[in-house]
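Beneath this line is the structure, given in structure tokens, with notes to follow.
The values are calculated or read from the model by the stated rules, or taken from the named source; none is laboratory data. Keep in mind the model is a prediction, meaning the values are calculated, not measured. Heads up, the Cβs are rebuilt from the backbone with ideal geometry, glycines too, and the neighbour counts pull from every protein chain shown. Surface areas here come from the heavy atoms of the whole protein model, side chains and all, with no ligands, DNA or RNA. Shrake-Rupley method; radii C 1.70, N 1.55, O 1.52, S 1.80 Å.
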Amino acid sequence: MTSHFYTTYLTDIEEKIKAVEQLKTEETTKLEKYRTELKEFVDKRIDDLTLHVTQLRDNDVDLLKKQHAKSKNIEDKVATTKTNLQTCEQTPVKLFTESKRTRHEVAQLQVDIANIVTKTKYQVYWVHKDDQMEAVLNNKVGVATIKLGKA
């Protein structure tokens with residue numbers, strides 16, 4: 001009878017060792033799954049933020065390129081006007097007529113330049129870490145805890 005008791009006792013211990021090993025495997029698998037979910041969440045959020053930053057950059061670059069083209073156009077108009085005035089220098093009547101026309105053109109160019117100046121602003125942005133996420137990262141417990149019970 002004593003031998004049977006020890007055999008049953010040993011078998012019970014062996015089954016418990018297997019159960020502990022199985023429990024460790026199951027819980028480690030859960031942790032790995034949780035890690036994957038967290039990584040996917042963070043990766044998705046980082047991708048979304050990166051896309052947003054890229055869109056901000058693209059919008060600003062497009063706007064600035066348009067203003068650059070307008071500035072080049074104004075530069076060309078100024079050069080043409082200067083050339084026109086220089087060709088009329090020898091003829092006072094032509095010079096007078098051209099200078100009157102030029103005054104209106106210069107006034108419009110000043111309006112155009114002022115418009116360009118107001119549109120050559122770009123957005124300044126920076127990454128601001130989420131306060132709640134920072135609290136989680138600074139928490140000693142971190143992402144999970146182990147709860148204990150008896151089987």
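General remarks:
- Rough spin-label spacing in nm, given labels placed 7 Å along Cα→Cβ, for Ser99 and Leu137: 6.7 nm
- Considering only alpha-carbon pairs that sit under 8 angstrom and 6 or more positions apart, the relative contact order computed for region 1-121 is 27 percent.
- Protein heavy-atom accessible surface, 1.4 Å probe, per residue over the chain: 91 Å².
- Of all aspartates and glutamates in the structure, the ones whose alpha carbon falls short of 18 Å from that of Lys30, not counting any fewer than 8 places away in one chain, are Glu21, Glu40.
- Between the residues Gln123, His104, Met133, the greatest Cα displacement towards the positive end of the dipole of the chain, with unit charges on the Cβ of Lys, Arg, Asp and Glu, is found for His104.
- In the chain, the sites counted are trypsin sites (Lys or Arg not before Pro) in DSSP loop states with at most 15 other Cβ atoms within 10 Å, and the longest stretch holding none of them, exclusive of the sites, is 1-120.
- Straight-distance candidates among the lysines for linking to Lys129, with alpha-carbon spacing under 17 Å and chain neighbours fewer than 8 residues away dropped: Lys39, Lys44.
- Placing dummy labels 7 Å off each Cα toward the beta-carbon, the span from Val127 to His68 is 2.7 nm.
- With θ taken as phi - 60° and the Karplus curve 6.51 cos²θ - 1.76 cosθ + 1.60 applied, the whole-hertz 3J(HN,Hα) list for region 73-82 is 4, 5, 4, 5, 5, 5, 5, 5, 4, 4 Hz, x standing for glycine and proline.
- Projecting label points 7 angstrom from Cα along Cα→Cβ for Lys147 and Ile13 puts them 3.1 nm apart.
- Taking Val106, Val20, Val53 as the candidate residues, the one with maximal mean-square fluctuation in a Gaussian network model of the chain, Cα springs under 10 Å, is Val20.
- Rounded accessible area of Val141 (nearest 10 Å², 1.4 Å probe): 80 Å²
- Hydrodynamic radius (Kirkwood) for the chain, which is based on Cα pairs only, to one decimal in Å: 24.0 Å
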